[in-house]
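Student: I'd like to ask you about the structure that follows.
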Amino acid sequence: MTKRVQKKFSYLNAKSTVGKSALDVALEQLRITAKKINLDPDIHEMLKHAKRSLVVSIPIKLDNGEVKVFMGCRVQHNGARGPFKGGIRYHPDVTLDEVTALAMWMTWKCAVVNIPYGGAKGGVSCNPKEMSRAELERLTRRYTTALLDVMGPLQDVPAPDVYTDAQVMAWIMDTYSQFKGHKVPECVTGKPIILGGSEGRAEATGRGVFICGREAIKRLGMKIKGVEVAVQGFGNVGWNAARIAYDTGCKIIAVSDSRGGIHCKKGLNPYKVYEHKKKNGSVVTYKGCENITNEELLELECDVLVPAALENQIAKANAGNIKAKIVAEGANGPTTTEADRILYEKEVFSVPDILANAGGVTVSYYEWVQNLNREHWPLEEVNRKLENKMVKSFNDVYETAKKEQSDMRTAALMLGIGRVGKAIKTLGIWP
Ligand code: NAD
């Protein structure tokens, strides 16, 4: 980002979050932003806490006949702007703290792109890679029944996140619908198209990341053609961002997954890597590339770095080694507050998660609207709406950054938290 825009960096006064959780980072972001926008202290206090945190145990019969009990949760952070909205994550490291941070970020994200939702997130602590499809289906259906009282089209609408996909959403929709006695496609988004899913939803987060990266490239006066991109995490978000960038003329020089990464200075064809991963379970055995670690990928010489895996990947220890000119955050919370400060000092243009990866929740919103109206929009219409929404949101954040002479994350948080604060103030704190 230009020095003029990033003159004042609010995180200079940030408290250390080294070795702390995603929730510590989220609360520190809230504290700094509250101060900057003079948020009413009562509203600040409210926003520190989730409205509802539900922890459930999920006993399921494994294929070998044993019963195993999994921990699941759903956190509804704030619903002042509309029904709760947020993904469901299946991962061994899921904790209530992590899910609470992710729910808080969802609240700000929906406000940044100005869609009428509050923020929520769910998770189950499990390792889906070690579970059969039948076990995952039983887990999903049992988890859904545990959420029945708190979810619903006007209450809380889940979506996919790490290691959950359209099939998992189909099981959620079917379970919910079985209990209601009729089909309720609008109770969940990210469904298969045959069951009311939206065209373009599967790729929407990656497309949004690409649009934000492209806008940042323009702001730096660079040309999109030949821009070198490294992507950490070759899942839904990373793969789609990589393939859309590739189709637009960018050079994908590295990708990775949980097993490690591959680097090829002359450029990779992400479609071929995707086929390879589908067959072999990982990108790491793809021929003709240098094998690298996930840590090495982050520090590669490149123009755009897309972290699209998990939280806290760019931290105090490695931020100084980042060589990218732009970081477009596909993942939620990939950068710690100290790392933010270091990137700022290095004049890296960071497009924060609550803006860069908001394409997913945006098209989820379009899916919900289509379901409520029993409509199905063509792909071109969805993509056109997404393009307009992402560019407008990017410009809103960029202009706020310029006006406030701050970095992009501070600007996005100011916009998001500011809008949520205003909604709460207007509603009043009842009774
Ligand atoms: P996914 O399950 O489709 O893919 C995750 C990818 O990350 C996989 O390739 C996996 O191998 C890799 N990975 C896992 N652990 C890793 C590690 N330690 N190091 C490197 N790679 C690792 O998940 P996704 O939906 O693509 O989500 C990725 C990120 O994007 C998450 O932070 C998620 O919260 C965020 N996000 C997703 C969506 C969405 O619509 N799916 C929307 C907004 C944000």
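Every number in this text was worked out from the coordinates using simple rules, so none of it is lab data. Here the structure is a predicted model, which means the values were calculated and not measured. Note: ideal-geometry Cβ built from the backbone for every residue, glycine included; neighbour counts use all protein chains shown.
Student: Please give the FRET efficiency for Arg384 paired with Glu130, using the beta carbon to beta carbon distance and R0 = 45 Å, rounded to the nearest 0.05.
Tutor: Efficiency, rounded to the nearest 0.05: 0.60.
Student: What does the net charge come to around Asp149 if you take all other residues with beta carbon closer than 13 Å to its beta carbon, with K and R at +1 and D and E at -1?
Tutor: Within the 13 Å Cβ shell, the charges total +2.
Student: When the Kirkwood hydrodynamic radius is evaluated over all pairs of different C-alpha atoms of segment 71-154, what value in angstrom, to one decimal, is obtained?
Tutor: 13.3 Å
Student: Let me ask something additional. Cross-link list Lys121/Lys385; Lys191/Lys225; Lys121/Lys218; Lys20/Lys316; Lys36/Lys85; Lys48/Lys180: which exceed 23 angstrom alpha carbon to alpha carbon?
Tutor: Lys121/Lys385; Lys191/Lys225; Lys121/Lys218; Lys36/Lys85; Lys48/Lys180
Student: Pop the C-beta distance of Asn64 and Asn321 into the FRET formula with R0 = 41 Å and round what comes out to the nearest 0.05.
Tutor: Result of the calculation: an efficiency of 0.35.
Student: About the Cα centre of the chain, what is the dipole size in debye to 20, counting +1 per Lys and Arg Cβ and -1 per Asp and Glu Cβ, all else neutral?
Tutor: So the magnitude is around 780 debye.
Student: Counting other C-beta atoms within 10 Å, which of Lys251, Lys279, Lys218, Lys183 has the fewest, and how do the rest follow?
Tutor: Lowest to highest Cβ neighbour count: Lys279, Lys218, Lys183, Lys251.
Student: Given just the C-alpha atoms of the chain, how large is their convex hull per residue in cubic angstrom?
Tutor: Cα-based convex hull of the chain, divided per residue, equals 136 Å³.
Student: Something else: Suppose each label sits 7 Å from its Cα in the direction of the beta carbon; what would the Lys223-Ile194 distance come out to in nanometres?
Tutor: Those two pseudo-labels are separated by 4.6 nm.
Student: What number, in percent, do you get for the relative contact order of the chain if the mean sequence gap of Cα pairs under 8 Å and at least 6 apart is divided by its residue count?
Tutor: After rounding, I find 20 percent.
Student: Here's something else I'd like to know. Mind checking the full-extension length gain between Lys403 and Glu375? Use 0.36 nm per residue of separation minus the Cα-Cα distance, one decimal, nm.
Tutor: My answer for the length gained is 6.0 nm.
Student: Starting with the fewest neighbours, write out Thr400, Thr145 ranked by other beta-carbon atoms found within 10 Å of each beta-carbon.
Tutor: The fewest-first ordering by Cβ neighbours comes to Thr145, Thr400.
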